[in-house]
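See structure below.
Readers should treat all values here as calculations from the given coordinates under stated rules, not as data from a laboratory. All of these numbers come straight from a predicted model, not from anything done at the bench. Cβ: placed from backbone, ideal geometry, glycine included. Neighbour counts: every protein chain shown.
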Amino acid sequence: MLVSIPNDFPWPITETENEIIINSGYEIALDRKTGSLTRFGQHRINGPFMVKKGEQWLKPNDLVLKEYLWSSDEAALTLYYKEDVSLKIIFGSQKTTGTLSGKAESYRFPCLWGLKVANDELVTTNNYGEIIPDPVNTLKLPVKVASTTWHNYHVGRPVEGVPGCLREEHKSTYRLGYCGGASMPWLFYGNQNEGFYVASYDERFPTTILHTEATDSMLIGLEKIGSLGADEEFSSNQCEFSYLTADWHEAARRYRSWALSWYKIGPVPDWVWEENGLLVHYDFKFQSGEICHRFVDIPELYEMAKEAGFRHLYVSAWNEGGFDTLYPQFFPDLELGTIRDLKKAITEVKEDGGKISFYINTRIFNHRSEFYETLGKKWAARTAEQEEYIEKYGKETFSCMCAAENEWTKVLKDFILWLIEDMGATGMYVDQIGVYPRLCFNEDHSHQRIDQWNLGYKKLLQEINSETSEVPFYIMEGCGDLYSQYVGAQLVHAGWGLYTPYGAPKIYKYTFPEILHVDMVHPKPVAIDVKAIGLEPKQVAARSFLLGTHYWVYDHVLEDNELWHFMKQLFALRDYIKGELRRLRFLDNEGLKVDWAKRYSSLDEEMILFYNEFNEKELELTIPLPKKVEAIYIGNSPKIIETRDNKLPVEGRTIGVFRWKKS
């Protein structure tokens, strides 16, 4: 069968012997025999889907087109294939969307391949965001790691190559799981002027794999589980696959535009905005059994925090066995004191005007736990072969629990609410929420499908908010748009680059500027050889400052005189702009000609933060500057300065702020 053009259609259509060409702001060419995508703009490409039948991934060219239907009202074309697959394409103004449905074990939609542009980069939503230069070649590189150790742990920072990428002779495959490993279900491949964008707009929020392949060109696609039975049909729900004459910022704006149909700002207590960060203790009981503090020490630790300028004290390693040991036995460790000792300490901190939060792990179950045989194995996520997912931290072995199993998440919920409602904690750090999701094939669990991991965590986070009498301050590990609605902040781990050498936290911040980013001044709970992993804490903290970061400060940072002196200066600078960080929207470097400064804006205010690492003389803007602005340089008081030629003077200034009111 050959697709023919309709008599009337909202967009101009032409046909050749082999192609139908629709012009909806850019040209979209489809193969007349198979309906496959053959061109976007001037770029010859392939797409827009693959389906898995048995062990084979089939493309449109592998299927038999049996029927098609044009809709002038929707500006749509629906293609029906003999293999129980149908594709609906909707042609919007400079925007192509659609749905894929039918019968298949798995499907990749949207999926575009044969992509190649000059000066290219692959933009992923790996945690907080990632920009991989020259991806065809970079994905082929073996991973190089700069490393050191602390206690029982190895610390590795990748400096080249992409961790988790499967490199074969003729192909490199890179996959990220949403929601957690990937913070949002979209990808962009292109350059500063053009590119290709694929996104899932699916409010069921299933586990979704961001799938990319590098050969001599690029493939980008979103993979989901399809039919779970012979008679079940899948539907992708709405997706977008568009050619953009812009860079990744336009992709982020498009995704945000859809996300605002369901997304709401997470609960941040007012007091949090008055803080520059939190003081963090992981040194109550280490995995080795070493004890540095007990519960009776907590009021004194808070006094030290208060003297350093912190009202928020965070305590980890308080639970039975200590840090990374007998999870999920989140009872107070008896060697550290009794339950009453802990509650008394919490009360004293709060009576002194302080805030206190605690750690809980939401993912893993220790094999040494006395409850592992009876409960751990019962709640564990399982592979298709019914094996447990095994994870190791330090010297301990754990199984990954199923986030969609109600019995497991009830245990987590009750521990969290006990600490907050009964013990009086101000908030919680919920660890490993934003970590790679698992498919679970355990048929004894309460979930209906194997891809409902995200819904399990969503339900947990909703309930620990709805069942509290006040607004707690929840910090989750990692990034995830779905989860961010139910937490006050997210520990992004961006500054130290422990996930990827190509991290770009500006991507997540730009898409969801409302989110409060938390990041570490120092990467570990004890002082490590940071030179061995190739970064310096002051440099990391200065770069984080540009993102309006709420700082995670381990207690040992206070003992480093040079670093702590710098942080006090940085906090003093941040004190001047706390209100703006709450009011203004992060715009990355829009309106700026450099990437070492970031812009924040509202209808009547402008603010620019800069980190002049290489002692540039001027900061040039493309937005209009008033003749005078307020400048605040680190270590100095605010002052009014004059601008010249739409440039701001920064010579000899490392870190600072410019702000002004719009006329």
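Multiplying the residue separation of residue 605 and residue 82 by 0.36 nm and subtracting their alpha-carbon distance yields 182.4 nm.
Just how many % of Cα pairs in region 9-103 lie over 20 Å apart, if you round to the nearest whole percent? All intermediate terms of the calculation are to be shown ahead of the outcome.
Values: 1445 of 4465 pairs.
Counting pairs separated by more than 20 Å, the tail of P(r) holds 32 percent.
At a 10 Å Cβ-Cβ cut-off, how would you order 121, 274, fewest neighbours first? Walk me through the intermediate numbers first.
Numbers: 121 22, 274 13.
Starting with the residue having the fewest Cβ neighbours, the order is 274, 121.
Considering the zone a paramagnetic label at residue 368 would reach in this model (a point 7 Å from Cα along the Cα-to-Cβ line), which residues of region 309-334 have amide N under 12 Å from it? Label zone hits: 321-327.
Tell me the relative contact order for region 98-193 as a rounded percent, counting alpha carbon contacts under 8 Å between residues six or more apart. Worked out over region 98-193, it gives 31 percent. Scanning residues 5 or more positions from residue 319 or on other chains, those with amide H under 5 Å from its amide H are 333, with H placed 1.01 Å from N in the peptide plane.
What GluC sites (Glu not before Pro) in region 161-252 are in a loop by DSSP, with at most 15 other Cβ atoms within 10 Å of the Cβ? Walk me through the intermediate numbers first.
Values: sites: 168, 169, 194, 203, 213, 223, 232, 233, 240, 250; in loops: 168, 169, 194, 203, 232, 233.
For GluC sites (Glu not before Pro) across region 161-252 that sit outside H, G, I, E and B with at most 15 neighbouring Cβ atoms in 10 Å, the list reads 168, 169, 203, 232, 233.
For region 270-285, the Karplus equation 6.51 cos²θ - 1.76 cosθ + 1.60, evaluated at θ = phi - 60°, returns couplings of 4, 5, 4, 5, 8, 9, 8, x, 9, 9, 10, 10, 10, 9, 7, 9 Hz by residue, with Gly and Pro reported as x.
Tell me, in nm to one decimal, what length is gained between residue 297 and residue 532 on full extension, where the rule is 0.36 nm per residue of separation less the Cα-Cα distance? Walk me through the intermediate numbers first.
On the way: separation 235, 0.36 × 235 = 84.60 nm, distance 3.32 nm.
That works out to 81.3 nm of additional length.
Placing a label point 7 Å from the Cα of residue 144 along the Cα-to-Cβ line, the residues of region 507-545 whose backbone N sits under 16 Å from it are 532-535. Per residue of the chain, the DSSP helices (runs of n ≥ 4 H) give a summed -39500 (n - 2.57) that works out to -4500 deg cm²/dmol at 222 nm.
Dividing the convex hull volume of the alpha-carbon atoms in region 68-109 by its residue count gives 59 Å³ per residue.
For the chain, what's the relative contact order in percent, using C-alpha pairs closer than 8 Å and at least 6 residues apart? Walk me through the intermediate numbers first.
Numbers: 1541 pairs, mean separation 72.9, N = 663.
Dividing the mean separation by the residue count of the chain yields 11 percent.
For the pair residue 168 and residue 1, what calculated FRET efficiency results from E = 1/(1 + (r/R0)^6), where r is the Cβ-Cβ distance and R0 = 41 Å, to the nearest 0.05? Efficiency, rounded to the nearest 0.05: 0.65.
Derived scalar couplings between HN and Hα for region 81-88 equal 10, 4, 7, 6, 9, 9, 10, 10 Hz in order, rounded to whole Hz, by the Karplus curve 6.51 cos²θ - 1.76 cosθ + 1.60 (θ = phi - 60°), x for Gly and Pro. When the inverse distances between all different Cα atoms of the chain are averaged and flipped, the Kirkwood radius reads 26.6 angstrom.
Taking loop as defined by DSSP and a crowding limit of 14 other beta carbons within 10 Å, which chymotrypsin sites (Phe, Trp or Tyr not before Pro) in region 602-634 fit?
Passing both the DSSP loop test and the Cβ count: 614.
For region 226-235, the Karplus equation 6.51 cos²θ - 1.76 cosθ + 1.60, evaluated at θ = phi - 60°, returns couplings of x, 6, 9, x, 4, 9, 8, 9, 9, 9 Hz by residue, with Gly and Pro reported as x.
Just want the ordering: 622, 38, from fewest to most Cβ atoms lying within 10 Å of their own Cβ. Before the final figure, lay out each step's value.
Details: 622 10, 38 21.
Ascending number of Cβ neighbours within 10 Å: 622, 38.
What the pair-distance distribution of region 371-499 shows, using all Cα-Cα distances binned every 5 Å from zero, is 2, 10, 19, 21, 20, 16, 10, 2, 0 percent. With a ≥ b ≥ c the root eigenvalues of the C-alpha gyration tensor of region 586-661, is it rounded (a/c under 1.5), prolate (a/b larger than b/c) or oblate? Since a/c stays below 1.5, the shape of region 586-661 is classed as rounded.
Each Cα pair under 8 Å and six or more residues apart adds its separation to the average, and for region 586-661 the resulting relative contact order is 33 percent.
Long hydrophobic helices in the chain, taken as whole DSSP H segments with a C-alpha length of 15 Å or more on their own axis and mean Kyte-Doolittle hydropathy at least -0.5: 406-417, 561-575. Amide H contacts of residue 58: 51, 52, 53, each under 5 Å away and 5 or more positions distant or on a separate chain (H built 1.01 Å from N in the peptide plane; Pro and chain starts excluded). On the basis of the beta-carbon distance and an R0 of 35 Å, residue 118 and residue 651 show a calculated FRET efficiency of 0.50. In this rough spin-label picture, where each label sits 7 Å from Cα along the Cβ direction, the residue 175-residue 448 distance is 2.6 nm.
Taking 13 Å as the straight-line reach from the Cα of residue 52, the aspartates and glutamates in range (excluding those fewer than 8 positions away in the same chain) are 62, 83, 84, 105, 223.
Separation of the alpha carbons by more than 24 angstrom is noted, of 95/662; 285/343; 171/509; 33/59; 103/458, for 95/662; 171/509; 103/458. Ignoring lysines fewer than eight residues from residue 647 along the same chain, the ones with Cα atoms less than 16 angstrom from its Cα are 593, 598, 617, 627, 628.
Count Lys and Arg as plus one, Asp and Glu as minus one, and take only other residues whose Cβ is under 14 Å from that of residue 634; the net charge is then +4.
Here's the list of lysines a cross-link from residue 350 could span, going by alpha-carbon distance under 19 Å and ignoring same-chain residues fewer than 8 apart: 306.
Using the number of other C-beta atoms within 10 angstrom as an exposure proxy, rank 1, 428 with the fewest first. List each step's numbers first, then the result.
Values: 1 14, 428 24.
The most exposed by this proxy come first: 1, 428.
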